[in-house]
Amino acid sequence: MSLFRFTFLRKFIRRHTKPIPEDDAAKWQKRLSLGYAIVAWNAFGFVCYQVYKGKADWAQYHGLKTEEELKMTPAQQWSKTLGIKKAEVYRITGFNVSHYTINEEKEKTEEVST
């Protein structure tokens with residue numbers, strides 16, 4: 001069973017190609033998995049290096065975020081992105097639970113008046 005069930009594609013490929021011997025297929029599977037592991041490890045190392053150098057937030061590093069966006073919490077950013085005018089946020093830290101409300105209407109009236 002395939003993941004996406006493109007049976008027409010499977011039939012087309014089987015009809016227009018010859019079968020690969022099992023030992024060759026296993027050899028190439030091993031080679032490709034090794035190549036994938038090397039590329040993934042290098043990508044992980046690159047991300048760790050960027051975080052170490054302070055470039056984890058690439059939009060901030062390249063100046064694509066405004067000062068207003070930098071001051072917003074992730075909850076405020078998501079409520080703005082999703083268009084939620086009144087959002088209730090529960091923050092859980094260890095065994096402590098805090099609750100606050102984000103009121104987008106108040107911010108909109110302030111933006112209009114200035």
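Phe12 - would you say it is surrounded by 10 or more Cβ atoms within 10 Å (Cβ to Cβ), of a type in the set (Phe, Trp, Tyr), modelled with pLDDT under 95 and in a helix (DSSP H, G or I)?
yes
Taking the condition of being outside any loop (DSSP other than H, G, I, E, B) and surrounded by 14 or more Cβ atoms within 10 Å (Cβ to Cβ), how many residues in the stretch 65-87 meet it?
Total satisfying the criteria: 6.
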Problem set entry | Answer from Gly83, Gly63 - the residue that is under 30 Å from Thr101 (Cα atoms), assigned by TED's automatic domain parsing to the domain that holds His99 and without any contact (Cβ under 8 Å) to a residue 12 or more places away in the chain | Gly83
Exercise. Any idea which of (1) loosely packed, with under 10 Cβ neighbours inside 10 Å; (2) modelled with pLDDT of 90 or more is the one Gly54 doesn't satisfy?
Worked result: (2)
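The values are calculated or read from the model by the stated rules, or taken from the named source; none is laboratory data. These numbers come from a predicted model, not from an experiment. Every residue, glycine as well, gets a Cβ built from its backbone with ideal geometry; the counts of neighbours run over all protein chains shown.
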